[in-house]
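These notes are about the structure you will find just below.
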Amino acid sequence: MLLALGLYAQKRCRGDKNTRERDLRAQGLQTVCFTWRQLQAATNNFDEAKKLGEGGFGSVFKGELSDGTIIAVKQLSAKSCQGNREFVNEIGMISGLNHPNLVKLYGCCVEKNQLLLVYEYMENNSLALALNGESAPNLDWAARQRICVGIARGLEFLHEGSMIRMVHRDIKTTNVLLDADLNAKISDFGLARLHEEEHTHISTKIAGTIGYMAPEYALYGELTEKADVFSFGVVAMEIVSGKSNTKQKGSADHVWLIKWARKLQQTGDIMDIIDPVLEGDFNRKEAERMIKVSLVCTNSSPLLRPTMSEVVQMLEGEIEITQVLSDPGLYEHNFSISKPRGTDTHGSSSTSGLTDQTETTMKSSVSSTDLYPLYPGSMILNSTVDFSSSAF
């Protein structure tokens, strides 16, 4: 199916105007094909007042279907091969997926030389906006815990629960959307790749967002599900701290969030990273667990990162992270966890050395978070962590 989708994308890049709705239907994709008129009416002819945001490959509009369903219409440029690739990739990856922590794809439209994707509308926009926006909703601790666990469950499903196992490749706060009840849903599958368990890693062209990319992927293009685990760790620290990993604000010590967190851990001041907006009103045990999970997930060695099913159990207190030990070898640290009897630990990642930081990366096309500005950033460098500190 994906090979056929690839050929479809190539045809569109060559300007073949005859590849329309019948081509998508021929792939056996489980998605609805909307007409141009339906989406034109839903968005009031793509009125600028309906525009939610704009990115390098197109725009996103809010719309309402004739039955009253509120939708978000993602418009990709038909002239861009990148837009074509992400269009067919996103449909192929998530058209048949259904999970409460994944944004639902309702369908698509390929008329009028347009590439349009139709999603469920998310009332509270992105997690990035919720954490840093001027008119953001109030994220109390209970909401943050629920959001973090929700993201973890969504990734667990993609990595371990779905019939089509996949690596998202671009997990970040702008690709996590929030519904009316502040439930988290992962979005933007334009960069997603299938994960084949028989292969230890996939060598691939680097694509993602600086500041969230795992070192083995950013440096060597080695892609496994553990790259998503690393990105999740960054997002978890952003949730607990209320700070962006890549937005430059405050003193130089506060720029790279994970590195700053590790320094605070070494000095026994790790709880200082908790978002001051909470004014001390948070569950200390849950906050400690979230911080520990973040630091374990951002280990420089993919083999030493947990699986997402383990992460879910850690966040919910079913697995206890007992310690993170200094490792003078190739990687800086190791960790151990206490697991319930009968639970299996596994991983299928390759290892690579961590050298200097790199900026070799490529941003994806219009994502749900092209709705909001992205911040310049750099790669994360890990430092030693010891959870035996009295800070916990």
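Computed from the coordinates by the stated procedures, all read-outs in this text should not be read as laboratory data. Because the structure is a prediction, the values reported are computed rather than measured. With ideal geometry, Cβ positions are generated from the backbone for all residues, glycine too; neighbour counts draw on all protein chains shown.
With a 10 Å Cβ neighbour count serving as the proxy for reagent exposure, in which order, fewest first, do 99, 168, 159 appear?
99, 159, 168
Legend: calculated FRET efficiency, residue 36 to residue 135, from the Cβ-Cβ distance at R0 = 35 Å, rounded to 0.05, equals 0.60.
Output the pairs from 185/292; 50/104; 104/243; 62/292 with a Cα-Cα distance over 32 Å in this structure; if there are none, say none. Checking Cα-Cα distances, 62/292 exceed 32 Å. Which GluC sites (Glu not before Pro) from the stretch 262-313 combine a DSSP loop assignment with at most 13 other Cβ atoms within 10 Å? Answer in residue order: 279.
Going from the residue with the fewest nearby Cβ atoms within 10 Å to the one with the most, 69, 209, 267 rank 267, 69, 209.
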